[in-house]
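Only one structure is covered here, and it is reproduced in the block below.
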Amino acid sequence: SQTIHQWPATLVQPVGSPLSLECTVEGTSNPNLYWYRQAAGRGLQLLFYSVGIGQISSEVPQNLSASRPQDRQFILSSKKLLLSDSGFYLCAWSGLEMESLDSTVGYEQYFGPGTRLTVT
Amino acid sequence: QKEVEQNSGPLSVPEGAIASLNCTYSDRGSQSFFWYRQYSGKSPELIMFIYSNGDKEDGRFTAQLNKASQYVSLLIRDSQPSDSATYLCAVTRTGNQFYFGTGTSLTVIP
């Protein structure tokens, strides 16, 4: 079965400091990978997604960047954090799955446990 | 127009009742549809996915998809206090980008 890991679980960083969040997936190959951010009481905001090594699509212009150095590794970075970067950061993976009941094919997306970032 | 719309709630139901959650989407080409449950402070957990029109049942949960009307619903039978959470609806056309609603907050009253 597939497993997705994120670390650290919580992080408190001062404004202006760098950031590196890591996500790894086990049990699948060539997954699509995603970084989302969820501010307190808000919906999910897609930050980046990747369909392969070195392929990154950015959804929101900001001071964050993402990299995918290996097939199952996704990294979120920042050179200088802002107060507005505080939030719950979620990594996710998706893949093509078959519905066993009627053999239809569709996609599924699963989330990691998340990193709660507080910028002070 | 938002890609996916849900009533934010809060929705309150008594224990043992049926909770009904609804979601509409704008892209007629959407292929896969999902319901996630998110407890406070936790990451979203996939509880149901549906690809074809009609109903799909899994335990106390039933997902209903109507592509002609562009809506997806989730029914929770015999609601339990442990079902109290925010439920997120999501859709995707290509599997590259997923669009999420803002979630419906459900409270099951003992």
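The values are calculated or read from the model by the stated rules, or taken from the named source; none is laboratory data. Just so it is clear, the model here is predicted, and its values are computed rather than measured. Glycine also receives a Cβ, built like all others from the backbone with ideal geometry; neighbour counts cover every protein chain displayed. In case anyone asks, the SASA skips ligands and DNA or RNA and just uses the protein heavy atoms, side chains included. Shrake-Rupley method; radii C 1.70, N 1.55, O 1.52, S 1.80 Å.
Quick check: convex hull of the Cα atoms in chain A, volume per residue, rounded to a whole Å³? Write out the running numbers ahead of the final one.
Numbers: hull volume 13.0 nm³, N = 120.
With only Cα atoms used, chain A gives 108 Å³ per residue.
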For this session: With a probe of 1.4 Å, find how much accessible area chain B has per residue, and write the answer as a whole number in Å².
Result: 45
Exercise. Treating the beta-carbon of each Lys and Arg as +1 and of each Asp and Glu as -1, no other charges, what is the dipole magnitude of chain A about its Cα centre, to the nearest 20 debye?
Worked result: 640
For this session: Can you find, among B:Tyr87, B:Val13, B:Ser69, the residue farthest towards the positive end of the dipole of chain B? Put +1 on the C-beta of Lys and Arg, -1 on that of Asp and Glu.
Result: B:Ser69
For this session: Would you work out what percent of the accessible area of chain B, with all protein chains in place, is carbon or sulfur (probe 1.4 Å)?
Result: 45
Exercise. For peptide A:26-37, how many partner chain Cβ atoms fall within 10 Å of a residue's Cβ, on average?
Worked result: 1
Exercise. What share of Cα pairs, in percent, lie more than 15 angstrom apart in region B:1-64?
Worked result: 63
For this session: Under a 10 Å cutoff between Cα atoms, tell me which one of A:Glu22, A:Glu108, A:Glu59 has the largest fluctuation in the Gaussian network model of chain A.
Result: A:Glu108
For this session: Give me the accessible area buried between chains B and A, both sides summed, with a 1.4 Å probe, in Å² rounded to the nearest 100.
Result: 1900
For this session: Taking only the C-alpha atoms, wrap a convex hull around chain B and report its volume per residue in Å³ as a whole number.
Result: 95
For this session: Please give the net charge around B:Leu75, taking every other residue with its beta carbon less than 12 angstrom from that of B:Leu75, where Lys and Arg add +1 and Asp and Glu add -1.
Result: -2
For this session: May I ask for the net charge around A:Gln38, where only other residues with Cβ less than 13 Å from the Cβ of A:Gln38 are counted and Lys, Arg are +1 while Asp, Glu are -1?
Result: +3
For this session: Using a Förster distance of 30 angstrom, determine the FRET efficiency expected from the C-beta separation of B:Asn96 and B:Glu15, and round it to 0.05.
Result: 0.15
Exercise. What is the count of Lys pairs in the protein assembly as shown whose alpha carbons sit under 28 Å apart, if the two are 8 or more places apart or on different chains?
Worked result: 7
For this session: First compute the accessible area of region A:33-103 with a 1.4 Å probe, then give the percent of it belonging to carbon and sulfur atoms.
Result: 52
Seminar exercise, completed: Candidate cut points under trypsin sites (Lys or Arg not before Pro) in region B:1-100, DSSP loop plus at most 11 other Cβ atoms within 10 Å of their own Cβ, are B:Arg28
Seminar exercise, completed: A:Ile53 neighbourhood, Cβ < 12 Å, K/R = +1, D/E = -1, net charge +1
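Tell me, what is the per residue accessible area of chain A in Å², probe radius 1.4 Å?
Heavy-atom SASA per residue in chain A reads 48 Å².
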Exercise. Dividing the convex hull volume of the alpha carbon atoms of the protein assembly as shown by its residue count, what do you get in Å³ per residue?
Worked result: 126
